[in-house]
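As structure tokens, the structure follows; a few thoughts come after it.
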Amino acid sequence: MELTEKSRIQTILDNAWQMIRETDIRWLPVDPFLLAERLGVRIIPARRIAKSEHFDPRSVDRERGAVLLVHREKKRFTIVLDDGPHPEELLRWTVLRELGHIRLGHADAPEEGGNLRKRSPIHVREAERFAAEVLAPLPLLRAADTTRREAIRFMCEIPDPVAEEREQALKGYDETCRAAEEWMRRQFAEYLKPVAHCASPDGHYGLLGTIKRNPEGRPMNQKHAYVETDEKGRFLFCPRCGNRNFSEDAKYCKMCGIYLFNECTNQSRFDEQIGSDGWCGRINPGDARYCEHCGAETILTQLGLLKPWQEVMIPKKEVATSRVPDPMEENDGKPIEISKDEIPF
């Protein structure tokens, strides 16, 4: 029986909202890479794939930005991502769209010898609607009183055309969305708390001004064993909101305002271990709970963003699996082979 447009949209919304519940998304922006990991979906860059007769990485449609591979036997999905010089929000959008194809059953693995269904324009529209609803749920936008394109784009870190679609969709806000608003408010209760907060009276870190972000929040409710840093000691991703898109000289996260270095918080003028100006403020590694120079708490500890040391003093192999992985990190830098059983969708 042919689905009506209304029932088709209802199915998409139901699936998107169910994924938010199942994966315990409680914060914006949503991290599609972390979401894919939780769903068991592998993400690899096209440039890392070894050329073979089974799959040519050059076949990745640059306009679409990704190819979804379906393993016949293992029923496993792999997203091959065009990781060229694209805006961060476009990469995130592309990954979530491919997760939409999986969730909506567009790419179910065929039996041996069977063929995958072709990706149709209807499939693409449905997956895009799904991605938009996970990244920027209409009931949450309404609850946060975020209805203009510019604000939606900033809050959800999505491409401008998607933010524009969300703005238009809010004008057709219907009973289905109103019915979901109550549980959506509960799900994102911490995120929706209005905040006027600065964790340090001297403004060294924390939120400056009033913005709908709770300073105690974490991306998708996760603490870290450690936070990876670059050679200067700056975080590779924001440990609080998950933002990975920083300017070259950024010192603070543009999304939630956290200081992007694991600085010592010792400001006691009576502590002889620190300088005469009464401020240690040294930069520590991303796993430091306490300052290596004076023993005071670091920013990551004070904001509650790291797991307790008791949890991480276990074999190194176990600790490594608990961190948020680099989605592009696989096979120790060697070319990745694609099996003949992995069929492009």
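Structure summary
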| quantity | calculated |
| --- | --- |
| Among the candidates Ala50, Ala109, residue that is modelled with pLDDT under 80 and crowded, with 16+ Cβ neighbours inside 10 Å | Ala109 |
| Within region 69-94, considering residues that are of a type in the set (A, V, I, L, M, F, W, C) and at pLDDT 80 or above, the one farthest from Asn245 (Cα to Cα) | Phe77 |
| Boolean, Thr229 is surrounded by fewer than 21 Cβ atoms within 10 Å (Cβ to Cβ), of a type in the set (Val, Ile, Thr) and at pLDDT below 80 | no |
| Flag if Ala199 is surrounded by 14 or more Cβ atoms within 10 Å (Cβ to Cβ), aliphatic (A, V, I, L, M) and modelled with pLDDT of 50 or more | no |
| Which numbered condition Thr210 fails, given (1) touching a Pro at 6+ places or on another chain (Cβ under 9 Å); (2) crowded, with 17+ Cβ neighbours inside 10 Å; (3) at pLDDT below 85 | (2) |
| Conditions (1) at pLDDT 90 or above; (2) basic (Lys, Arg); (3) in contact with a helix residue (DSSP H, G or I) (Cβ under 9 Å, 6 or more places away or on another chain); number of the one not met by Arg240 | (1) |
| Any hit, region 258-278, residues being surrounded by fewer than 19 Cβ atoms within 10 Å (Cβ to Cβ), at positive phi and at pLDDT below 85 | yes |
| Subset of region 158-188 that is within 19 Å of the chain's Cα centre (by Cα) and part of a loop (DSSP other than H, G, I, E, B) - its residue that is nearest to Pro139 (Cα to Cα) | Phe188 |
| Every residue from region 118-157 that is of a type in the set (Asp, Glu), over 20 Å from the mean Cα position of the chain (by Cα) and not in a helix (DSSP H, G or I) | Asp145 |
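The values are calculated or read from the model by the stated rules, or taken from the named source; none is laboratory data. Every value quoted in this text rests on a predicted model; they were computed, and no experiment measured them. Please note: Cβ atoms are built from the backbone with ideal geometry, for glycine as well, and neighbour counts cover all protein chains shown.
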